[in-house]
Every structure is written in structure tokens, then in C-alpha cells.
Amino acid sequence: MKRRQNTIVAATAVLLLSALIAGCGESGKWVEAPQVLYMYQQNAKARAMMESGDWDSSETVCEDHLEEAREDIEESGANNLILQQLVRTCGNAGFQFGEQVRCTSGRLQVKCL
């Protein structure tokens, strides 16, 4: 009886480990998207240059662009370059786009499924 219980426990552990390795149970992976953050920062610099003529006054951090990124995700269309880049970021990592972004340690990340 004890040997049978050990066999069942070992088989269960192997199945759970296999599922974890295969990605079951994960709700997605966060992938850094530095190129998207760079696009937002360059747009902010261009706006600052047009408004005040001062290129350097527009230093921004990831959190400054988070709401704008979320709005860009909601806006679909062929001309949405940010959304295209977010989808491409997940695709390059071997995943599908998860329609969420966040900032972690000053870095923009996209959720991929």
C-alpha cells in the first residue's frame, strides 16, 4: 500500500511539473518593450520642442506614458504604430499580445500570452 501511494505521489508530481514546464497555469509573460517607450519619449520631446523650443525639458519616465499606452491599446486601426509594435514585441518573443502594459523599474512591459 505504501509503495502504491509513493507511486501516485510521484506520478502526480511529474504531471504537475510537466504542466508547469509546458506553460499551463501561467496567465502570461511580461516582456520588456524598450522600443515602444523610446517612441513615446521621442514624441514627448518633439511636442516639447514645438511648444517651448526646449528639447531637453521633456525628460520623461515610463509612468508618464502608461495611460497613453493604455489608450493606444484600446484604439485599433492600421495606423496605430504603437499597437503594431506591442503586437510585434510579443510575436518576437513567441507569444500573442495580451492587451496590457505596465511599468516596472522604469521599463515599459507588455503582457504576452
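Packing here is the average count of other Cβ atoms within 10 Å per residue, and on that basis the peptides 80-87, 41-48, highest first, run 80-87, 41-48. Here the extension length gained between residue 38 and residue 52 equals 3.0 nm, from 0.36 nm per residue of separation less the Cα-Cα distance. Annotation for the range 57-113: GluC sites (Glu not before Pro) lying in DSSP loop with at most 16 further Cβ atoms inside 10 Å of their Cβ are 59, 75.
Bear in mind that the values in this text are calculations on the coordinates, not laboratory data. Quick caveat: nothing in here was measured; it's all calculated off a predicted structure. Note that each Cβ is placed from the backbone with ideal geometry, even for glycine, and that neighbours are counted across all protein chains shown.
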